[in-house]
Amino acid sequence: MGRVGTDARGTKGDLPDRSSREWCDEALTRLDAGRPESALEAARRAAELDPVAEWPQRLISLAHERLGRDADAVPAAERAVDLAGGSWPARLRLAGALRRVPGRWREAAGHAALAGKFAPERAGPQVMLGDLALLRGEHEAAERAYRAALAVDPADPQARVNLALALLRFDPPRPHHDPAWPVDPRETGRARRALEVWSRQVRLLVAVATIVIAGAALLLDWGAQARLCGFAVLVLLVPLTVRQARRVGLWAYAGAMLGRDPWLGASVASAALSALAFAGWLLLGSVHVLPASLDPVWAGLAGIAVLGWPALTALRALAEAWRGHPLRALAETERAGETSREAEREAERETERMARRVAGRNAGVALWLVLGRTWSVLVALLAVALAVRPELAVAAVVLPYPLVRGYLRARRRGDRWLAAATWLVVLAAGAGAAGGLLGSAWAWRAGTGALGAAAVVFVARALHAWWRGGPGPWRSSLLMCDLPMGAEPSVALDSEVRQTFSYARSIVLAYGDAYGPRVAGAVASVTSSGELRLIAETEAWQAIEDDPRVAVFASDPLQRRFWVEVRGIALADSDVMRVTPKQVLVGEFPGRHQRR
């Protein structure tokens, strides 16, 4: 008998009736093909056929997440955990859903830790713990988690890509916001925006006012009138500050926000310092006869007011280039790209293609960071050589080696901007070394000209990215690899296994404690959702709190040569022990294990 449904292409048609697990397989196939809307329909059909199964609930949650409906993804994931508390994929799926909900980061970390406790042989829980740490800016913790995941599964692409981000000291999309805060990130985002606008307006007004006042005093001899206008600017800063302060709103989090985002704090501090320097400059300028000893102070205050902003921008660019370990990160992204290409050759899956694209993009940003480091060292070396001893410039010939090696290994030859900047830096190093060795003025000019041209290429690449709205050669273009987690099939108990536990005369529970493996007799039953319900001795209950991994053995009295072993996770639930299956072994006496 047929019915009207959705075929594999997502179109309406006549499909034969399917079981719940078959609909789950179909939903997973559609998710892998990048069709979450169609996958959601299939997962809902599976949940209708088997309301007590947790796998359809996980797929519903995952489909909602892929569709951008983060709030809708949480109830289904919580339902899956309620149905099978010992399921590590259910815990992992709930952790993935909760991490996107404001104020529930700690719950997400708790569920991810439980998933790791339930399945230490799986890489997914450690990858989730690494992602959660990376979202908080805890790079060392994230690196440890990703390396633990790669120790379990060296081919995991998400662990490779995000390990590279941890090595680069990746800034999350909202560096000012702590995902563990019980406040919507949009509110802290508005507060951050108000602080940024205030600092930008203050620095711009102060810099322009300083230049105008100095020009009016020196060129037009309007010093007194210009100083009055300067004091008017100071008065204008008061309502401007009050207005932005009202927009901040979340003053209870302002200090923590500035601490989490150091550049935001530096921007605010720079604005306050510029305003104070401007006020001091005006006051010193009002003195009729300024002592000669205070002339440098007066000029320095003007410099702070005018040059504070560009100086902070240059300092940030230099600091961003020297943060993290881009060469080590390049090695990890290269391995991730190779792993994804191998997986893609085996099966055309959207997730592997996504991982390879993210790895390639992050590799390009890492190469720009290496280029920035090489350029800054070359500038410093050539400047010292010109000022002290020209022969020192010979060392410049070896500086571009890490850049060239990383560029060739990363296979980023399609990026013409990066190629041009790389070879210009190589030319600058070679010309500088030749100038220092041979004393050729033309070599020195070629070297400095190539360095300047490399800087121009970087600026042009940045403007091109800004104009087109694409990723630029800066850290904010780095992306996390965020592949779907928690879609693994659940372990089902077939009719033979259920019959064995229903009619078994003796059931043995195996568990571990501080003294080693233990066994105990138990009474068991199988629920409609496929879990085992056990009643066992007190010592077993105490042991599973530390290590919930157990094995339950039973033999069928109707077929005396038939036996079943269910390995799973045991959790205490009132007066019974719930065991969620992870693996089922069946066989005959004597005989070899047959895994299901």
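How many residues are assigned to a helix (DSSP H, G or I), surrounded by fewer than 21 Cβ atoms within 10 Å (Cβ to Cβ) and not β-branched (Val, Ile, Thr) if we restrict to the range 452-484?
Residues meeting the conditions: 15.
Only one residue in Ala166, Ala194, Ala226 is among the aliphatic types (A, V, I, L, M) and modelled with pLDDT under 90, so which one is that?
Just one listed residue meets the conditions, Ala226.
Look at Ala108 and say whether it is more than 24 Å from His177 (Cα to Cα) and surrounded by 16 or more Cβ atoms within 10 Å (Cβ to Cβ).
Here the answer is no, as Ala108 does not meet what is asked.
Across the range 521-563, what is the number of residues that are among the aliphatic types (A, V, I, L, M), assigned to a strand (DSSP E or B) and surrounded by 17 or more Cβ atoms within 10 Å (Cβ to Cβ)? If you could, list the steps in order and put the result at the bottom.
The initial filter retains those residues of the range 521-563 that are among the aliphatic types (A, V, I, L, M), namely 522-524, 526, 532, 534-536, 540, 543-544, 550-552, 554, 558.
Within this subset, residues satisfying the condition of being assigned to a strand (DSSP E or B) are 522-524, 526, 532, 534-536, 550-552, 554.
Still in the running and surrounded by 17 or more Cβ atoms within 10 Å (Cβ to Cβ): 522, 524, 526, 532, 534, 536, 550-552, 554.
Number satisfying all stated conditions: 10.
Residue check: is Ala331 within 26 Å of the chain's Cα centre (by Cα) and at negative phi?
For Ala331, the condition - within 26 Å of the chain's Cα centre (by Cα) and at negative phi - is met.
If you check Arg99, Arg58, which single one turns out to be within 22 Å of Ala570 (Cα to Cα) and either in contact with a Ser or Thr (Cβ under 7 Å, 6 or more places away or on another chain) or surrounded by 20 or more Cβ atoms within 10 Å (Cβ to Cβ) (or both)?
Result of the check over Arg99, Arg58: Arg58.
Looking only at helices (runs of 4 or more DSSP H) that fall completely inside the range 26-127, which ones have 1 or more residues that are in contact with a strand residue (DSSP E or B) (Cβ under 9 Å, 6 or more places away or on another chain) and not small (Gly, Ala, Ser)?
In the range 26-127, 36-49, 88-98, 105-118 are the helices (runs of 4 or more DSSP H) which contain 1 or more residues that are in contact with a strand residue (DSSP E or B) (Cβ under 9 Å, 6 or more places away or on another chain) and not small (Gly, Ala, Ser).
Yes/no per residue for (1) outside any helix (DSSP H, G or I); (2) farther than 30 Å from Leu479 by Cα:
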| residue | (1), (2) |
| --- | --- |
| Pro175 | yes, no |
| Ala180 | yes, no |
| Gln201 | no, yes |
| Asp221 | yes, yes |
| Ala245 | no, yes |
| Ala254 | no, no |
| Ala271 | no, yes |
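Would you check if there is a residue in the range 486-506 being at pLDDT 85 or above and over 29 Å from Trp23 (Cβ atoms)?
Checking the range 486-506: not a single residue is at pLDDT 85 or above and over 29 Å from Trp23 (Cβ atoms).
Can you find even one residue in the range 128-136 that is over 27 Å from Gly265 (Cβ atoms) and surrounded by fewer than 24 Cβ atoms within 10 Å (Cβ to Cβ)?
The answer is no; no qualifying residue exists.
Conditions tested, residue by residue: (1) surrounded by fewer than 17 Cβ atoms within 10 Å (Cβ to Cβ); (2) of a type in the set (Val, Ile, Thr); (3) more than 27 Å from Arg328 (Cβ to Cβ); (4) over 28 Å from the mean Cα position of the chain (by Cα).
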| site | (1), (2), (3), (4) |
| --- | --- |
| Leu371 | no, no, no, no |
| Pro402 | yes, no, no, no |
| Gly432 | no, no, yes, yes |
| Leu437 | yes, no, yes, yes |
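Regarding Trp309, is this residue part of a helix (DSSP H, G or I), over 18 Å from Asp156 (Cβ atoms) and modelled with pLDDT of 90 or more?
Against the criterion (part of a helix (DSSP H, G or I), over 18 Å from Asp156 (Cβ atoms) and modelled with pLDDT of 90 or more), Trp309 does not qualify.
Could you list all residues from the range 507-520 that are at pLDDT below 85, in contact with a helix residue (DSSP H, G or I) (Cβ under 9 Å, 6 or more places away or on another chain) and in a strand (DSSP E or B)?
Scanning the range 507-520 gives a single hit, Asp513.
Which of the residues spanning the range 525-536 are at negative phi and touching a residue at least 40 places away in the same chain (Cβ under 8 Å)?
Within the range 525-536, Thr527, Ser528, Ser529, Glu531, Leu532, Arg533, Leu534, Ile535, Ala536 meet the criteria.
Among the listed residues Val248, Val235, identify the single one that is in the same structural domain as Ala209 (by TED's automatic domain parsing), of a type in the set (Val, Ile, Thr) and more than 18 Å from Ile213 (Cα to Cα).
Within the list Val248, Val235, the selection yields Val248.
The values are calculated or read from the model by the stated rules, or taken from the named source; none is laboratory data. This structure is a prediction, so every number in the text was calculated from the model and none was measured. Don't worry about glycine lacking a Cβ; one is built from the backbone with ideal geometry, like all the others, and counts go over all protein chains shown.
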